[in-house]
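Structure first, then comments.
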Amino acid sequence: MSQLLFLRQFFKQPLRTSSVIPSARAVALRMTEWIDWSNVRSVVEYGPGTGAVTQHVLELLDPQTRYAAIEINREFVSHLRKRFADIQVSHDSVENVEQHCREAGIEQVDVILSGLPWAAMNRRQQLALPEPTY
C-alpha cells in the first residue's frame, strides 16, 4: 500500500515527492548507523513520506525518547497517522520546526533525519529551510 500511495503522490507532485518509490530499509540503515541511540532523547524527522525510515527509527528508540515528524504532503500525513498512531506527525513545512518541537515537548533536538527531496529543490527553497539551532 505504501508503494502505491508513494507512486500516486509522485505523479501528482513530482518535485515534492521526487521519487517513485519510498526509501528502502537499506537507506534507513545507512542513515542511522552512525547514531549512538543510547544517548538520544529526541528525534525530529523532516519529510517522512510513508514511513520507511520512521519504522526503522522507532525500532531503535528508547520508549522515553521524544519523536516528532513534519510532512507537507496531506496524503502521507494521513497514512503516517494511521500507521504510527503513537507518534506526533504534523502536516506542515519544516520551516515551522520550532513550533512543532514545542508542541511535542522537545526542548533540544538530538537527531534530525531528513527525507526531503533536496536535489529537487531550487536554491531559494534550500536556503529557506531552517538551520538546526540545537
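Every number in this text was worked out from the coordinates using simple rules, so none of it is lab data. Values in this document were obtained by computation on a predicted structure and should not be read as measured data. Cβ: placed from backbone, ideal geometry, glycine included. Neighbour counts: every protein chain shown.
Key figures
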| quantity | calculated |
| --- | --- |
| Debye log10 I(q)/I(0) for the range 44-134, one point scatterer per Cα, at q = 0.25 Å⁻¹ | -1.47 |
| Amide hydrogen neighbours beyond the local backbone of GLY115, cut-off 5 Å, H modeled | TYR46, GLY47 |
| Packing-based order for 53-60, 101-108, 66-73, using average beta carbon neighbours within 10 Å, highest first | 66-73, 53-60, 101-108 |
| Residue-wise HN-Hα coupling along the range 59-74, computed from phi with Karplus coefficients 6.51, -1.76, 1.60 (Hz; x: Gly, Pro) | 5, 8, 7, 5, x, 8, 6, 7, 9, 9, 10, 10, 9, 8, 8, 4 |
| ³J(HN,Hα), Karplus 6.51/-1.76/1.60, whole Hz, each residue of the range 105-121, x for Gly, Pro | x, 9, 8, 9, 9, 8, 9, 10, 10, 10, x, 5, x, 3, 5, 8, 8 |
| Rg over Rh, two decimals, the range 82-134 (C-alpha only, Kirkwood Rh) | 0.98 |
